[in-house]
Each structure stands twice: as C-alpha cells, then as structure tokens.
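Just below is one structure, and these are the notes that go with it.
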Amino acid sequence: MSRVTMSNVPALFQLGMDLDPDSSTAQGAITTDARAPVTGARAPVTGARVPATDAQPGAPATEERRDFYIERDGVRYAGTHLLVDLWGAERLDDLAHVEATLRDCVEAAGATLLHIHLHHFTPHHGISGVAVLAESHISIHTWPETGYAALDVFMCGCAEPHAAIEVLRAAFRPARLAAEEILRGRVW
C-alpha cells in the first residue's frame, strides 16, 4: 500500500491537510486565566511560491504554483493547528450562540467560511459541529453540564487562527482557557 502524502494527493494538498502522522510537531501550550490576554506576538504569515517539481509529477520545472504553506520565524509549514480547551464556560448549549461564535472566529481570523454544520444533542444537551473553511476548519464539542468545551482550530495560508482565541474567550466567558499550538506539515 502506498503512503498518502500531500505531494501525491493534490486535493488534500489544496485543503492544507497532511495525512502523514509523523509530519506534525507540537510547538507549545498556552494556559491562562480566562480574563488574561494570550501573550506572545506572532510574526506576519506569508504564503510562499515553490517550484512545481515539488507539486505535480511531470509538471515543468520552471512553472510555479501557490502552495499556501506558511513561513514564520524561519519555519515552513502547512498550517497552524490550535487545540483549545474551555473550563467553566457559559452558553455551551445555545445553538444560535455557538454558530454566531464560529462565524465571528472565522471573520476575526480572516478565513473563508464554506459551510457550518452543528448537531444539538438531547436529552443530555451539548453541541458538536464544524465550520468548514477554505483554509481548513474549526470544530467544537461542548459539555454544558460540566461547563467544558473542546475546540479545534486549524488554518493554512494567510489566515490567523490565534485571533479566534479572544473571540472564544469573549463569547463563552470561561473561568480557564488553554490552547496548544501544533505546526502541521512542518518542512525540515
């Protein structure tokens, strides 16, 4: 069985996805009191152009294409993946509020919304869903009975996924928020 990589599956490459589990590297975690701003300035993100020889087998070597990889602080990678945990959060069972918050996250990040799908569980409540983006996705899973929510914010290209953190803090007013950053598809 051949190994699936971004270079031999153009559709996955265009979505900024990489199915190689060894290609991701954890970059750190942010845990804060929910009232404190998340610190750490981020360098601007730029999209890169690379020779077509890295993209399509048989493509002319002189042809260039946009690959949507990011370069920041000398590191080249496919996208930023944030794992966000909220504890002591509010309004986790309010379907309209969750949808509006996902839309606000997309706008704050400068991403492109393609579709939102949310499912409201009953009788135990809670919401699970995803905002599908041209740059990847934001997913949410809530446990209103314990005030906990788990979110996944993954974006490639010029989108700024870290901007979603302050939107989530304002919308759900958690007592505690933790965010872990993983640079997906890191080029060594």
Count, please, the residues in the stretch 141-161 that happen to be assigned to a loop (DSSP other than H, G, I, E, B) and touching a helix residue (DSSP H, G or I) at 6+ places or on another chain (Cβ under 8 Å).
-> 3
Which condition number does Ser128 fail, the rest of (1) under 12 Å from His141 (Cα atoms); (2) crowded, with 17+ Cβ neighbours inside 10 Å being met?
-> (2)
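If you go through the stretch 113-163, how many residues are polar (S, T, N, Q) and at pLDDT below 95? Explain how you work it out, then say what you get.
Of all residues in the stretch 113-163, those polar (S, T, N, Q) come to 122, 128, 136, 139, 142, 146.
Then keep just the ones that are at pLDDT below 95; that gives 122.
The number of residues fulfilling the criteria is 1.
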Looking at this structure, is Val153 surrounded by fewer than 24 Cβ atoms within 10 Å (Cβ to Cβ), of a type in the set (Val, Ile, Thr) and within 15 Å of Leu82 (Cα to Cα)?
-> no
Inspect all residues belonging to the stretch 124-136 and state whether any of them is outside any strand (DSSP E or B), under 19 Å from Phe68 (Cα atoms) and of a type outside the set (D, E, K, R).
-> yes
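How many residues are exposed (fewer than 14 other Cβ atoms within 10 Å of the Cβ) and of a type outside the set (D, E, K, R) when one looks only at the stretch 73-92?
1
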Which residue, of Ala178, Ala171, is surrounded by 16 or more Cβ atoms within 10 Å (Cβ to Cβ) and not charged (D, E, K, R)?
-> Ala171
Taking the options Leu102, Leu133, Leu95, Leu114, name whichever one is closer than 30 Å to Arg186 by Cα, free of Cβ contacts under 8 Å to residues at least 40 places away in the same chain and surrounded by fewer than 16 Cβ atoms within 10 Å (Cβ to Cβ).
-> Leu114
Taking Leu168 as the residue in question, decide whether it is under 30 Å from Gly74 (Cβ atoms), hydrophobic (A, V, I, L, M, F, W, C) and part of a strand (DSSP E or B).
-> no
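The values are calculated or read from the model by the stated rules, or taken from the named source; none is laboratory data. Values in this document were obtained by computation on a predicted structure and should not be read as measured data. Reconstructed Cβ throughout: ideal geometry from the backbone, glycine too, with neighbour counts over all protein chains shown.
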